[in-house]
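Encoded as C-alpha cells, the structure appears first; notes follow it.
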Amino acid sequence: RDPAQHHRALAGVQGMSAPLVVVEDRDRVRHVRLNRPDKINALNAGMMTGIAEAVSRADPGRTDLVVLSGEGPRGFCAGADIAEFAQGAAALETQEHALVAMIEAFARTPLPVAVMAHGRALGAGGTLMTLADLVIASDDLSFGFPEIRFGMYPVIVHGALMYKLSEAQSAQLCLSGRTLGAQEAMTLGLVTRIVPRAAFDTEAPEALRFFAERAVALKIGKRAWRQGDAGATLGARVRALAPLMLENFAHPDVQARIATALGPARG
C-alpha cells in the first residue's frame with residue numbers, strides 16, 4: 001500500500017463528500033492541506049485531531065519538512081469552528097482537547113513545520129501560523145485573534161503566542177482583537193517571507209522549495225531554538241491554561257454574543 005495513501009486515510013477527516021484535512025507525502029515533504037473552503041477552513045475538533053496526527057506521525061526518516069496550507073481563495077484558516085463549540089460546554093471541551101493536542105504535536109515534532117498563509121489567518125489559524133518554524137505569507141494576509149469580540153480571552157492562544165512573542169506582545173494581541181497585515185506580522189517575527197497574492201500559487205511553493213532544499217539547516221535551527229527558549233514546555237503551558245477557556249465560555253454574556261453572531265444559521 002502506498003505510504004502517502006495510508007497517511008491520507010489516517011489523517012483525513014471526512015466532510016460530506018471530501019476529506020477536510022488532506023495529507024500527502026511528496027519528495028520528503030509532508031503536505032497537510034485544510035480542505036474546507038466554504039468555511040474558510042474553520043477548524044472543527046476532528047480537523048484539529050487530523051492535523052495533530054498528520055504532524056506527529058510524520059516519519060523523520062522519510063520526511064524533512066511538514067507544510068500546512070489552506071484551500072480556497074478567502075484564506076488559510078478563519079479560526080475554530082464557532083458553530084461547533086457554540087453547541088455547549090461539552091462541544092467546547094472536545095474542541096479544547098483537540099486544540100491542545102494539535103499544539104502539543106507542533107511542540108513535540110523534531111521536524112521543521114512551514115505554513116503557507118494567504119488571506120485570513122485568524123484565531124486557531126493564527127495559532128498554527130505562530131507555531132510554525134517558517135511562514136510564507138501573501139501580502140493580503142489578515143492575522144489576528146478576534147475572540148475578545150465575543151467577550152472571551154483566548155487563553156490557549158496566549159500560551160501559544162508566548163512560544164515566539166513576549167508576554168506583553170501576546171497579551172496585547174489577545175486583548176485588542178486587532179488584525180495585522182503581512183508586514184506587521186513579519187516585524188513581530190511571525191512571517192518569514194511575503195509574496196504577492198496575485199502570484200501566491202507559484203511564488204509561495206518556490207519560496208518553500210528554497211527552504212526544503214535546506215532542511216538540514218532548518219532541523220539544526222529548530223534544535224537550537226528549543227534549547228534556548230521555552231518551546232519544550234509549550235504543551236504543559238497550554239494544558240494549564242485550558243480550563244480557563246471553559247470557564248470563560250460559560251459566562252452568559254459570552255453565550256449571548258456568540259448567539260447573536262451565529263444568528264438564524266445556528267442549529
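Just one residue in the set GLY119, GLY144, GLY126 is at pLDDT 95 or above and more than 21 Å from MET245 (Cβ to Cβ); that residue is GLY119. Being under 21 Å from SER166 (Cβ atoms), basic (Lys, Arg), open to solvent by 40 Å² or more (accessible area, probe 1.4 Å) and at pLDDT below 90 holds for only one residue in ARG237, ARG223, and it is ARG237.
Among the residues of region 21-32, is any within 21 Å of GLN95 (Cα to Cα), in a loop (DSSP other than H, G, I, E, B) and at pLDDT below 95? No - not one qualifying residue is present in region 21-32. Scanning region 99-133 for residues that are within 24 Å of PHE200 (Cα to Cα) and touching a helix residue (DSSP H, G or I) at 6+ places or on another chain (Cβ under 7 Å) yields a total of 15.
The values are calculated or read from the model by the stated rules, or taken from the named source; none is laboratory data. This is a predicted model, so every value here is computed, not measured. Ideal geometry is used to build each Cβ from the backbone, glycine not excepted, and the neighbour counts take in all protein chains shown. Surface areas here come from the heavy atoms of the whole protein model, side chains and all, with no ligands, DNA or RNA. Shrake-Rupley method; radii C 1.70, N 1.55, O 1.52, S 1.80 Å.
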